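Peer 1: I'd like to ask some things about the structure below.
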Amino acid sequence: MRRVDEAVRAVLSDAISKDLKDPRVGFVTVTAVKTSPDLRHARVYVSVLGDEPARIDSIEGLRSAHGYLQGRIASELTLKRTPTLTFVYDDTTDRAMHINELLEREAGD
């Protein structure tokens, strides 16, 4: 499953960065993909550069392009099924920055 997840991530990253023309989609990075064992569903974790409205717009743009992105997966990968994509904002970077701020604040005391 790890190879499938990585292959789907690579296809989506390429399609989003090079082919997606939706103006709502800003600077998006696909950080991870978790595919269900039966290949029916894939949760796509993305980080978005920008403020909260930019994140919301980018996620909405990705959701509206899910049919195109699923088609890219179907055409580039040989899978038993093409998973239905669900886009989720990956807040790992936000949490890391928050922890760093807390550590710096503690170090200053």
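The values are calculated or read from the model by the stated rules, or taken from the named source; none is laboratory data. Being a predicted model, the structure only gives us computed values, none of them experimental. Every residue, glycine among them, receives a Cβ derived from its backbone with ideal geometry; neighbour counts consider all protein chains shown. SASA here: full protein model, heavy atoms, side chains in, ligands and nucleic acids out. Shrake-Rupley method; radii C 1.70, N 1.55, O 1.52, S 1.80 Å.
Peer 1: Multiplying the sequence separation of D51 and R81 by 0.36 nm and subtracting their Cα-Cα distance, what value in nm do you get?
Peer 2: Gain in length upon complete extension: 7.3 nm.
Peer 1: Right, something else. Could you do me a favour and compute the accessible area per residue for the chain, 1.4 Å probe, result in Å²?
Peer 2: Counting only protein heavy atoms, the per-residue value for the chain is 64 Å².
Peer 1: Considering only D19, D90, D51, give the residue with the highest GNM mean-square fluctuation for the chain, with springs between Cα atoms whenever their separation is below 10 Å.
Peer 2: D51
Peer 1: If you fit an axis through the alpha-carbon atoms of helix 2-18 and take the longest principal axis of the Cα set of the chain, what angle between them do you get, 0 to 90°, nearest 10?
Peer 2: Tilt of helix 2-18: around 80 degrees.
Peer 1: Helix 66-76 sits at what angle to the longest principal axis of the chain, using alpha carbons and giving 0 to 90 degrees rounded to 10?
Peer 2: With both axes taken from Cα atoms, the answer is about 60 degrees.
Peer 1: Rounded to the nearest Å, what's the spacing between the alpha carbon centres of region 1-54 and region 78-109? Just the number, please.
Peer 2: First find each Cα centre; the distance between them is then 14 Å.
Peer 1: Can you work out the Karplus-derived ³J(HN,Hα) for every residue in region 23-32? Use 6.51 cos²θ - 1.76 cosθ + 1.60 with θ = phi - 60°, whole Hz, and x for glycine or proline.
Peer 2: x, 6, 7, x, 7, 10, 10, 7, 8, 6
Peer 1: Per the Kirkwood definition applied to all pairs of different Cα atoms, how many angstroms is the hydrodynamic radius of region 56-109?
Peer 2: Its Kirkwood hydrodynamic radius stands at 14.2 Å.
Peer 1: Run the reach check for K80 against aspartates and glutamates, Cα to Cα strictly under 19 Å, same-chain hits fewer than 8 apart removed. What comes back?
Peer 2: Counting by Cα, and skipping residues close in sequence, K80 has these aspartates and glutamates nearby: D5, E6, D38.
Peer 1: Per q in 0.18, 0.21, 0.27, 0.29 Å⁻¹, report the Debye log10 I(q)/I(0) for region 12-56, using one uniform scatterer on each alpha carbon and no solvent.
Peer 2: With no solvent term, the Cα-only Debye profile gives -0.61, -0.77, -1.01, -1.07.
Peer 1: Test of understanding: extend the Cα→C-beta vector of R3 to 7 Å, then name every residue of region 59-80 with backbone N under 20 Å from that spot.
Peer 2: Counting backbone N atoms under 20 Å from the label point, the list is 73-80.
Peer 1: How large, in percent, is the carbon and sulfur part of the accessible surface of the chain at a probe radius of 1.4 Å?
Peer 2: Result for the chain: 54 percent of the exposed heavy-atom area is carbon or sulfur.
Peer 1: Starting from the amide H of T31, placed 1.01 Å from N in the peptide plane, find each other amide H under 5 Å away whose residue is 5 or more places distant or on another chain.
Peer 2: Amide H neighbours of T31: Y45, V46, S47.
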